[in-house]
Amino acid sequence: MALGITQNRTVDAPADTGRDGETVLRRIADLALLPSNLVPPQERSLLDGVLAQLVSRLDEGMRLRLAERLGQQSDCPRELAMALARDDVKIAEQILLEGMPLADGDLARIVSESDEPHRFIIAGRRGLSSAVADEIIEHGETATICRLLNNRSVRLSLRAIEILVARSASDPEFREPLLARSELSARLAQLMFWWCEGGQRLEIMQRFTVDRSRIHDLLDPILGDGEGLRGMDDAMRVALSLLGRPREIDREKLMSLVAGVAKGELHRFSEDLAAISAVRPETMYRILNDHGGEPLAVFAKAMSLSRKEFGELIVVTVDARQEGLPTKQDLDRIGGLFDSLTADKADVALRYWDVAMGTEAGRAEGEGA
């Protein structure tokens, strides 16, 4: 039984096809789409190969109807499906978006060999594999990647998330959909924190920090107040710092240091604060030099400062940067963040930042060697 490919011709076939040739192709298409139990596999494969080579000779309307039919069938001519999937976007979409015939390897090949409009369609395909998603990301078109990130049926690989987090520093369009992805880890979200803005920073602090009370209960017999880390190498101590209790600091000494800061002494101030809080000077400088103010709120809460002490820290920090005070709106925003955090959650973020800064420093040293 014919499948209707030959009906309702709307556009004349190319001149070199001829009426007889077009009739033959329509008949081959009808045969190729017959149920598999009516055409032996070897003959079906032969029809598929011939039709895949000649399908471009059919007019657009016929190719479109053929693609619509193919897209609904799992058991259909594979070579023909690939040929139509590379056709003009209007035709290819019928197979690329929801079509059943194409395997992951077929899709990856189309992504690699076709142009951006075809990749954009595939990025919205339901149930796309992580391997095909990796191939899409490799080509790097912003609009296509945003479509992929908004496709919740795709499980992205860790490599893909790491690449896109790094790219989000220069491509702000990626930030919002990345923050909505379930694959985004706390480590990567805290790395993104530095180039995100107000609302996104608040979201990161709300969703990607954690109170570690259960972890502390379990590890205290081993780690205690940090004595258990003394015999370990630097890499292990840094990694385990994410799990330990917040360090006890001399708040009186810290506030005495705050009171003695002079204008323009940002580098010296960051070094002195780093020594008290046991973070890298580079991390402390980045916190103090951030004009959004959220990192300072996190640091102050991690140090268990009061609201009043946090206000004093803000004043001396902007003096050290030789800038004017934040606006009331900015103060309300960072004050709200300060109030929303526990000391333990803030300490988690602070340690993530410090570990990331150490990783960056180690990578830079390795590249310079």
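The values are calculated or read from the model by the stated rules, or taken from the named source; none is laboratory data. Remember, it's a predicted structure, so these values are computed and weren't measured experimentally. Neighbour counts run over all protein chains shown; Cβ positions are idealised from the backbone, glycine included. Please note that ligands, DNA and RNA were not included when accessible areas were found on the heavy atoms of the full protein model with its side chains. Shrake-Rupley method; radii C 1.70, N 1.55, O 1.52, S 1.80 Å.
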- request: Return the total of residues in the stretch 147-158 being touching a Ser or Thr at 6+ places or on another chain (Cβ under 9 Å) and either more than 23 Å from His118 (Cα to Cα) or open to solvent by less than 60 Å² (accessible area, probe 1.4 Å) (or both).
  value: 4
query: Just a yes or no: is a residue in the stretch 247-255 under 18 Å from Gln322 (Cα atoms), surrounded by fewer than 18 Cβ atoms within 10 Å (Cβ to Cβ), without any contact (Cβ under 8 Å) to a residue 24 or more places away in the chain and more than 29 Å from the chain's Cα centre (by Cα)?
result: no
task: Could you list all residues from the stretch 65-89 that are among the charged types (D, E, K, R) and either open to solvent by less than 10 Å² (accessible area, probe 1.4 Å) or in contact with an Asp or Glu (Cβ under 6 Å, 6 or more places away or on another chain) (or both)?
output: Glu79
query: Taking only pairs six or more apart or across chains, which ones have beta-carbon atoms under 8 Å, a first residue in the stretch 160-181 that is farther than 19 Å from Ser130 by Cβ, and a second residue that is polar (S, T, N, Q) and loosely packed, with under 15 Cβ neighbours inside 10 Å?
result: Asp171/Thr142; Glu173/Thr142
statement: When every residue in the stretch 291-348 that is polar (S, T, N, Q), open to solvent by 40 Å² or more (accessible area, probe 1.4 Å) and part of a helix (DSSP H, G or I) is compared, the one modelled with the highest pLDDT is Ser340
query: Given (1) farther than 18 Å from Tyr352 by Cα; (2) at pLDDT below 90; (3) in a helix (DSSP H, G or I), where does Ala262 come up short, assuming only one miss?
result: (3)
query: Which residue out of Ala143, Ala239, Ala235 is of a type in the set (Gly, Ala, Ser) and modelled with pLDDT of 95 or more?
result: Ala143
query: Do the conditions hold for Gly127, that is, is it in a loop (DSSP other than H, G, I, E, B) and open to solvent by less than 20 Å² (accessible area, probe 1.4 Å)?
result: no
message: Being assigned to a helix (DSSP H, G or I) and either within 20 Å of Ile122 (Cα to Cα) or open to solvent by less than 50 Å² (accessible area, probe 1.4 Å) (or both) is the filter here; which residues of the stretch 44-64 pass it?
response: Arg44, Leu47, Asp48, Gly49, Leu51, Ala52, Val55, Gly61, Met62, Arg63, Leu64
- prompt: Would you call Phe269 crowded, with 23+ Cβ neighbours inside 10 Å and within 34 Å of the chain's Cα centre (by Cα)?
  reply: no
